[in-house]
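To keep things clear, I will list the structure first and then write my remarks on it.
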Amino acid sequence: MTGQNRHGETAKQRRARRARERQLDYQRAKAARARGHEADYEAAMRLRSARVRAKLERVRAIPADARVLEVGSGAHGLVFFFGTSRGVGVDPLADEYAALFAAWQHRARTIAAAGEHLPFADGSFDVVLCDNVVDHAEDPARIAGELARVLVADGLLYFTVNVHHPVYAVAARLHSAWNAAGLRLEVGPFADHTVHLTVAGARSLFDGLPLRVVEESAGVADAKRAAREHPPRHAGDRLKRLFFKNAVYELIAERRA
Ligand SMILES: C[S@@+](CC[C@H](N)C(=O)[O-])C[C@H]1O[C@@H](n2cnc3c(N)ncnc32)[C@H](O)[C@@H]1O
């Protein structure tokens, strides 16, 4: 028993491939809608990048020539309007995004690679960003290790991931098990992600890494409030009123020497 499917993939690799396929379909549809409205997208991206930069600059000023890496830079990552002349975006789908979103993707050097194996030497970057990525990837803990590895001593990390009530982690494992057994029945939110992390699970990604936490929040109260305030559109929304979903775990940390 190898645990591999007929393509020679482990269950984790299959989930990650499927999540990438679905992400690409989603971004292709978005690119079609975005055509002619690029300025609106850019304005929203500038705002988001400026907010994150301001949070990091509360810790330390970031010079205009800072070496900034975004892991999982995606279609609309932070790096494209972060305000550095030395921005690099890494994403397995980087080549596809460069073609789909040409209006802004050229603003950083983008590289098609996986965050689990960053093609950079230790200590190559002053700032590392990873925003809403690791639960789409094969090995979130390995990515966390890479984020710390490529940061220079005293470099700044900005990290987010969606976190959920533990009930969704159980449901995600069931979803994965029945698909691995060949019973194809995809439920969107589970197929889009490789894992549904709890707050403790997100925190534990950084266990033992040479990082000093500067700020950390889990956003659980906000997610619960949003579920209560929005009229439910389907059963999933009703469930969210009982068991919170899509809270944002946010971490700002500094690399220890
Ligand atoms: C929800 S999107 C977020 C993109 C971007 N950070 C943003 O907020 O707009 C998740 C991204 O993670 C990327 N991704 C998937 N697996 C990855 C991996 N192993 N390493 C790095 N990025 C990965 C996907 O291609 C996708 O672009």
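General observations
- Qualifying residue in the stretch 153-160 (condition: farther than 21 Å from residue 249 by Cα, more than 19 Å from the chain's Cα centre (by Cα) and not basic (Lys, Arg)): yes
- Residues satisfying the stated conditions in the stretch 87-97, i.e. of a type in the set (Gly, Ala, Ser) and within 12 Å of the ligand (Cβ to nearest atom): 89, 94
- Put simply, of 247, 202, 218, 235 the only residue that is of a type in the set (A, V, I, L, M, F, W, C) and in contact (Cβ under 8 Å) with a residue 60 or more places away in the chain is 247.
- Sub-6 Å Cβ pairs linking a first residue in the stretch 22-44 that is over 13 Å from residue 101 (Cβ atoms) to a second residue that is within 15 Å of the ligand (Cβ to nearest atom) and not in a helix (DSSP H, G or I), at least 6 apart or interchain, are 22/192, ordered by first then second residue.
- Meets criteria (more than 25 Å from residue 48 (Cα to Cα), away from the ligand (no atom under 16 Å from the Cβ) and touching a residue at least 60 places away in the same chain (Cβ under 8 Å)) for residue 165: yes
- Criterion (buried (at least 17 other Cβ atoms within 10 Å of the Cβ) and of a type outside the set (Gly, Ala, Ser)) met by exactly one of 26, 41: 41
- Verdict on residue 80 being at pLDDT 95 or above, within 11 Å of the ligand (Cβ to nearest atom), more than 16 Å from residue 160 (Cβ to Cβ) and within 16 Å of the chain's Cα centre (by Cα): yes
- Residue-level analysis places residue 213 outside the set of residues that are among the aliphatic types (A, V, I, L, M) and surrounded by 14 or more Cβ atoms within 10 Å (Cβ to Cβ).
- Qualifying residue in the stretch 112-123 (condition: within 30 Å of residue 40 (Cα to Cα) and more than 9 Å from the ligand (Cβ to nearest atom)): yes
- Any hit, the stretch 216-232, residues being crowded, with 19+ Cβ neighbours inside 10 Å and over 20 Å from the mean Cα position of the chain (by Cα): yes
The values are calculated or read from the model by the stated rules, or taken from the named source; none is laboratory data. Since we're looking at a predicted model, the values are computed, not measured. Neighbour counts run over all protein chains shown; Cβ positions are idealised from the backbone, glycine included.
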